[in-house]
1. Which number in (1) within 24 Å of the chain's Cα centre (by Cα); (2) farther than 16 Å from L64 by Cβ marks the one condition that P321 misses?
2. Evaluate the following for E6: is it modelled with pLDDT of 95 or more and charged (D, E, K, R)?
3. Among the residues of segment 47-73 satisfying the criterion of being among the aliphatic types (A, V, I, L, M) and in a loop (DSSP other than H, G, I, E, B), which is surrounded by the most Cβ atoms within 10 Å (Cβ to Cβ)?
4. Taking segment 114-133 only, how many residues are over 18 Å from W44 (Cβ atoms), assigned to a helix (DSSP H, G or I) and out of contact with any strand residue (DSSP E or B) (no Cβ under 9 Å at 6 or more places or on another chain)?
5. Which members of segment 105-145 meet the condition of being in contact (Cβ under 8 Å) with a residue 24 or more places away in the chain, surrounded by fewer than 17 Cβ atoms within 10 Å (Cβ to Cβ) and hydroxyl-bearing (S, T, Y)?
6. Which of the numbered conditions does A180 fail, given that it passes all the others? Conditions: (1) within 20 Å of the chain's Cα centre (by Cα); (2) loosely packed, with under 14 Cβ neighbours inside 10 Å.
Amino acid sequence: MTSKIETLSAAFLPALEEEMRAVLGASAGSADPFYGMMHYHMGWADEQLQPADGNSGKRIRPVLCLLACAAAGGDWQQALPAAAAIEILHNFSLVHDDIEDNSPTRRGRPTLWTLYGQPQAINTGDAMFALAHLALARLADRSVPPPVVVHALRRFDETCVELTRGQYADMGFETRDGVAVADYLAMITGKTAMLVSLAAELGALVAGVDATRARVFADFGLNLGLAFQVQDDILGIWGDERITGKSAATDIITRKKTLPVLFGLSRSQGLRELYDKSEAGEDFVRTAVFLLDQTGAQEYAAGEAARYSKAAIDNLEAAEPLEPAATALWQLTDMLLRRDS
């Protein structure tokens, strides 16, 4: 039996794709290399910048935006420019993150910078950042009232600042000792949760709700994003590799400062001494996980994920979503909060 989220997504995604392709100059098929590099990152072109059907990501944020609009009583098609803007902004951040993190692959393919060099990849990301703003401005073409468009643009830029602040903190953590749990939570709020929050908020704003109800939708997205990230941290250490598709040892080997690791470091001298070693020997991962387990790091992180999940559910109830989008929104929430990969 087809779920409500599957039914609505089947309508949303082609319309979203059409909107994004129009913004990123892909409506006519092949494009010049300037746009072609954007298309490569988006999964629309191959390494020769010829049209292709690649992995484009899960589109969770734009779908959330469209669902929020419909659940708030609006016409989801009016929110397509906002949904496109959010997804393009997200992909801009990935282009730059891949450079800053020296990541060789993204979605199973070489990252943009490894193929075309860092300068061109930076420029491509910059162009996508600008085009995300132009995408959002297309709300005016959908008869969204001018004051709502202006407010949406302001919230968009405020979120952009928080995204870059979160990335600044994340990069700083790589060489910084003594990162506190509170510092980490502030970082993932900016880098991860704020964009999810914006997706829900913009959808509600386009629907024409008042400021109070828009804030409830925004809080729902914020707590949903935080719960999602903390669960990702747990899966990065204790997840089943057969399900997650990645080695559970990666976050330990790279000494990634995730929530359970920071909690463990704050409570285990042995773990701090282990992480201070310059070399990661054969027993490094096994010993690190053993020490984390001794501190109760997994239980602590699971408790935080549960707390944010409950807050998200409470927010969604308070938003009083309308059918049929309400059922789909609850299904999407359940899928994100109860995932194992």
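The values are calculated or read from the model by the stated rules, or taken from the named source; none is laboratory data. Everything numeric in this text was worked out from a predicted model, so none of it was measured. Using ideal geometry, Cβ is built from the backbone for each residue, glycine included, and neighbour counts are taken over all protein chains shown.
1. (2)
2. no
3. For segment 47-73, the residue satisfying everything is A72.
4. 8
5. S143
6. The single condition A180 does not satisfy is (1).
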